[in-house]
Each structure stands twice: as structure tokens, then as C-alpha cells.
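The values are calculated or read from the model by the stated rules, or taken from the named source; none is laboratory data. These numbers come from a predicted model, not from an experiment. Note: ideal-geometry Cβ built from the backbone for every residue, glycine included; neighbour counts use all protein chains shown. The protein model used for the area step is the full one, side chains on, heavy atoms only, and it has no ligands, DNA or RNA in it. Shrake-Rupley method; radii C 1.70, N 1.55, O 1.52, S 1.80 Å.
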Amino acid sequence: MSKNKNENEEYRITLKGLLNLYLPEKSASEVFNAIELTCRRNNWGIAINENNRLDFVQLQKVEKKEEL
């Protein structure tokens, strides 16, 4: 049986999913929880840089302008 593949197919993975690929479930959960707690305490976010690597970035507060 043949499948038609879409050439523009995209894959998305979460940080926890990425950790689960390389670590046992219990360890992956512990690492994820530690990263999440550190990010919340330090007001950081996780981004992907131009080299496709995870990067910790300082979150910026964006103020909405009121429309008249």
C-alpha cells in the first residue's frame, strides 16, 4: 500500500516530548519540572535560536495600546 506524502509536512514537539526521547519518563518529568520552575522564578521563556537550539530568553512585558 502506498501513501501520499505531503512535502510540506511539519513536525512539532514540546520540550517535555523532547526530554522523553532521551530520558526515562521519571527523569524527564523531574528535569522538565525543574526547568519550568526556574523559568517562572526568573521570568524566562524558552525560544529556538537561529541554529535550531533551545535558548533561554528574558520575557518582556508588552503593553496593549487602547484604540479610540
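How charged is the neighbourhood of Asn43? Take every other residue with its Cβ under 14 Å from the Cβ of Asn43, and add Lys/Arg as +1 and Asp/Glu as -1.
Details: positive: Arg40, Arg41, Lys61; negative: Glu36.
It works out to a net charge of +2.
The Glu36 and Glu9 beta-carbon pair, evaluated with R₀ = 25 Å, returns a calculated FRET efficiency of approximately 0.30. Among the protein heavy atoms of the stretch 16-68, carbon and sulfur supply 51% of the accessible surface, probe 1.4 Å, non-protein parts ignored. Protection proxy ranking for 43-51, 59-67, using the average of other Cβ atoms within 10 Å per residue and placing the highest first: 43-51, 59-67.
Extension gain for the segment Glu63 to Asn20, taken as residue separation times 0.36 nm less the Cα-Cα distance, is 11.9 nm to one decimal.
Okay, helix-only estimate at 222 nm for the chain: each DSSP H run of n ≥ 4 adds -39500 (n - 2.57), divide by all residues, round to 500 deg cm²/dmol; what do you get?
-12000 deg cm²/dmol
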